[in-house]
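S.K.: Let me give you the structure first, and then I'll get to my questions.
Values in this text are rule-based calculations from the coordinates and carry no lab data. Since the structure is predicted, the reported quantities are computational estimates derived from the model, not experimental observations. As a convention, Cβ positions derive from the backbone with ideal geometry for all residues, glycine included, and neighbour counts pool all protein chains shown.
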Ligand code: FES
């Protein structure tokens with residue numbers, strides 16, 4: 001199909017997994033597969049190197065910002081030194097209300113996953 005990105009075998013996207021597929025960070029949050037654009041809204045870290053936390057959020061590998069993968073919005077701002085800057089996390093969270101991560105739809109055909 002045109003405009004589809006192949007992720008790979010469905011068996012390789014187990015719960016808790018995050019990986020890259022073209023412009024997307026794809027993963028599995030408690031059995032829910034997701035695809036979001038892979039650049040963090042903070043300093044553009046590659047979210048494909050991130051992780052899924054116990055709440056099912058995608059965690060940025062660089063400063064720990066957390067994203068709701070269903071909406072693409074940042075729900076927890078950058079951690080470490082950035083968390084000490086007054087209003088900074090709130091600013092980024094508000095930014096992602098207007099500019100959430102892009103989202104794709106993960107589909108499975110013949111045991112292979114794709115992003116539409
Ligand atoms: S680059 Fe993602 S939280 Fe800083």
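S.K.: Under 8 Å for C-alpha pairs, at least 6 residues apart: give me the relative contact order for the chain, rounded to a whole percent.
M.R.: Here the relative contact order equals 26 percent.
S.K.: Let me have the 222 nm mean residue ellipticity of the chain computed from DSSP H runs of 4+ only, each contributing -39500 (n - 2.57), with the sum over all residues rounded to the nearest 500.
M.R.: Helices in the chain give a 222 nm mean residue ellipticity of -3000 deg cm²/dmol.
S.K.: Then there's this: Going by average Cβ neighbours within 10 Å, how do the peptides 53-59, 91-97 rank, with the highest at the top?
M.R.: Ranked by mean Cβ neighbours within 10 Å, highest first: 53-59, 91-97.
S.K.: Take the alpha carbon atoms of the stretch 78-116, find their center, do the same for the stretch 5-64, and report the distance between the two centers in whole angstrom.
M.R.: What the calculation gives is 10 Å, centre to centre.
S.K.: Still on this structure, please answer the following. Three principal axis extents, largest first, for the C-alpha atoms of the chain, in Å?
M.R.: 50, 27, 18
S.K.: As I understand it, the value is the acute angle between the Cα axis of helix 88-98 and the longest principal axis of the Cα atoms of the chain; what does it come to in degrees, rounded to 10?
M.R.: Result, in degrees: 40.
S.K.: On to the next question. Report the extension gain between residue 109 and residue 79 in nm, rounded to one decimal, defined as 0.36 nm multiplied by the number of residues separating them, less their alpha carbon distance.
M.R.: Additional length available on full extension: 6.9 nm.
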